[in-house]
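To start, the structure under review is shown below, and the notes come after it.
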Amino acid sequence: MPKVPARIRKAVFPVAGLGTRFLPATKAMPKEMLTVVDRPVIQHVVDEARAAGIEHFVFVTGRNKGVIEDHFDRQFELERTLAERGKSKELASLQQDLPSAGQTSFTRQQSAQGLGHAVWCARDIVGNEPFALLLPDMLHFSSQPCLSKMMKAYEEVGGNLIAVSPVPEDQTQNYGIVGVDDLEKDVSEITTMVEKPKPADAPSNLHITGRYILQPEIFELLEKQKPGAGNEIQLTDAMLGLLERRDQKFHAVRFEGELYDCGSKLGFLMANVAYGLTRDDLGEPFRAELGRMLSRGA
Ligand code: G1P
């Protein structure tokens, strides 16, 4: 009988980034709190993790990010006011979104040394168990949430998993790129990976979309990882180190859906349109207004 892989209970959210691509909106407000329709970007990503069965949410924050912690706490005055005004739907929805007491942890990255360093900062809270990692900038929009699909694959293959999706050849230098044993498969074994390669050096056109399931041994490699692309400690470099030790497998799981990079202005606007159009309470009038706006040319 194959060994049943250890359950994934915790998810890490690196939220320390400065959001310079989104100034001036992010001068005093964390980029993760920008709203896509009426939910902060980080809430959408936490929703994805909860839908996949995650029970503990680990946020790696930085200076000026305190409002994220407040967002995932109760707000007694607000709750009382909603209750007094009979706004039971709003109250129920606030309570439903909230992780239970003790289900969140916050730690600080202290200095901006890259994604690998941010993940390493979560090592004590994660401990010696596999965990999910979700990069909040990237909204994964699909009927089956990306992490749920990865959890299913994890039950089959165990080890480490990375969500991937094809990118145009001239964009490989913006992402981590993986090489796989079979480009046709939905879940394929990863043979190599490289962070932000030039098109000529890319092992395929499959880019890392920002959802991972990782074994705790990654922390040992991150501890010793030297800076790589952009002079930052890169998670991809540490994952390659773990892959090359050959005692653990990495699988690529194809993400089937639309990706919206909410760290970029265009991605953020597109996310608002996509999420707005599928809302039960807004979709129809929003579509009609958009149609009118486009037909008159603005
Ligand atoms: C990070 C990862 C990269 C991944 C990307 C997805 O890069 O290092 O491998 O493809 O996120 O958005 P960053 O966007 O932080 O430069």
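Residues in the stretch 187-204 that are of a type in the set (Gly, Ala, Ser), crowded, with 16+ Cβ neighbours inside 10 Å and out of contact with any helix residue (DSSP H, G or I) (no Cβ under 6 Å at 6 or more places or on another chain): SER188, SER204. The residue of the stretch 200-235 that is modelled with the lowest pLDDT, among those that are within 12 Å of the ligand (Cβ to nearest atom) and of a type in the set (D, E, K, R), is GLU232.
ILE213 meets the conditions (1) among the aliphatic types (A, V, I, L, M); (2) over 21 Å from MET151 (Cα atoms); (3) open to solvent by less than 50 Å² (accessible area, probe 1.4 Å) in every case but one. The failed one is (2).
Out of GLU79, GLU90, one residue alone is open to solvent by less than 40 Å² (accessible area, probe 1.4 Å), more than 24 Å from LEU214 (Cα to Cα) and part of a helix (DSSP H, G or I). It is GLU79. Checking each residue in the stretch 50-65 for being in contact (Cβ under 8 Å) with a residue 60 or more places away in the chain and either closer than 18 Å to PHE268 by Cα or in a loop (DSSP other than H, G, I, E, B) (or both) picks out ALA52, GLY53, ILE54.
Remark: pairs (first residue in the stretch 210-233, under 26 Å from PRO166 (Cβ atoms); second residue open to solvent by 70 Å² or more (accessible area, probe 1.4 Å) and within 15 Å of the ligand (Cβ to nearest atom); Cβ separation under 7 Å; 6+ apart in sequence or on different chains) = ALA229/LYS196; GLU232/GLN113.
Quickly run through the stretch 139-197 and pick out the residues that are of a type in the set (Gly, Ala, Ser), closer than 28 Å to TYR275 by Cβ and away from the ligand (no atom under 15 Å from the Cβ).
Within the stretch 139-197, SER142, SER143, SER148, ALA153 meet the criteria.
Residues that are modelled with pLDDT under 85 and not hydrophobic (A, V, I, L, M, F, W, C) were ranked within the stretch 1-18; the one that is nearest to the chain's Cα centre (by Cα) is PRO5.
Cβ separations smaller than 9 Å between residues 6+ apart or across chains give the following pairs from the stretch 85-105 residues that are more than 14 Å from ALA49 (Cα to Cα) to residues that are open to solvent by less than 80 Å² (accessible area, probe 1.4 Å) and among the β-branched types (Val, Ile, Thr): LYS87/THR81; SER105/VAL58; SER105/ILE125. Among the helices (runs of 4 or more DSSP H) confined to the stretch 224-298, the ones with at least 2 residues that are open to solvent by 70 Å² or more (accessible area, probe 1.4 Å) and within 21 Å of ASP47 (Cβ to Cβ) are located at 265-277. For PHE59, the criteria (1) more than 26 Å from ASN174 (Cβ to Cβ); (2) open to solvent by less than 70 Å² (accessible area, probe 1.4 Å) hold in every case but one, which is (1).
In summary, ASP47 fulfils each of the numbered conditions (1) loosely packed, with under 14 Cβ neighbours inside 10 Å; (2) part of a helix (DSSP H, G or I); (3) more than 18 Å from the chain's Cα centre (by Cα) with the single exception of condition (3).
Assess whether GLY241 counts as being within 15 Å of the ligand (Cβ to nearest atom) and modelled with pLDDT under 95. Criteria not met by GLY241. So, in the stretch 101-145, how many residues would count as being of a type in the set (S, T, N, Q) and surrounded by 22 or more Cβ atoms within 10 Å (Cβ to Cβ)? The number of residues fulfilling the criteria is 1.
Evaluating PRO136 against the criteria (1) in a loop (DSSP other than H, G, I, E, B); (2) more than 18 Å from CYS262 (Cα to Cα); (3) at pLDDT 95 or above leaves one unmet condition, (2).
The values are calculated or read from the model by the stated rules, or taken from the named source; none is laboratory data. What you are looking at is a predicted structure, and each value in this text was computed from that prediction instead of being measured. Backbone-built Cβ (ideal geometry, glycine too); neighbour counts: all protein chains shown. Calculation scope for accessible area: heavy atoms of the full protein, side chains included, ligands and nucleic acids excluded. Shrake-Rupley method; radii C 1.70, N 1.55, O 1.52, S 1.80 Å.
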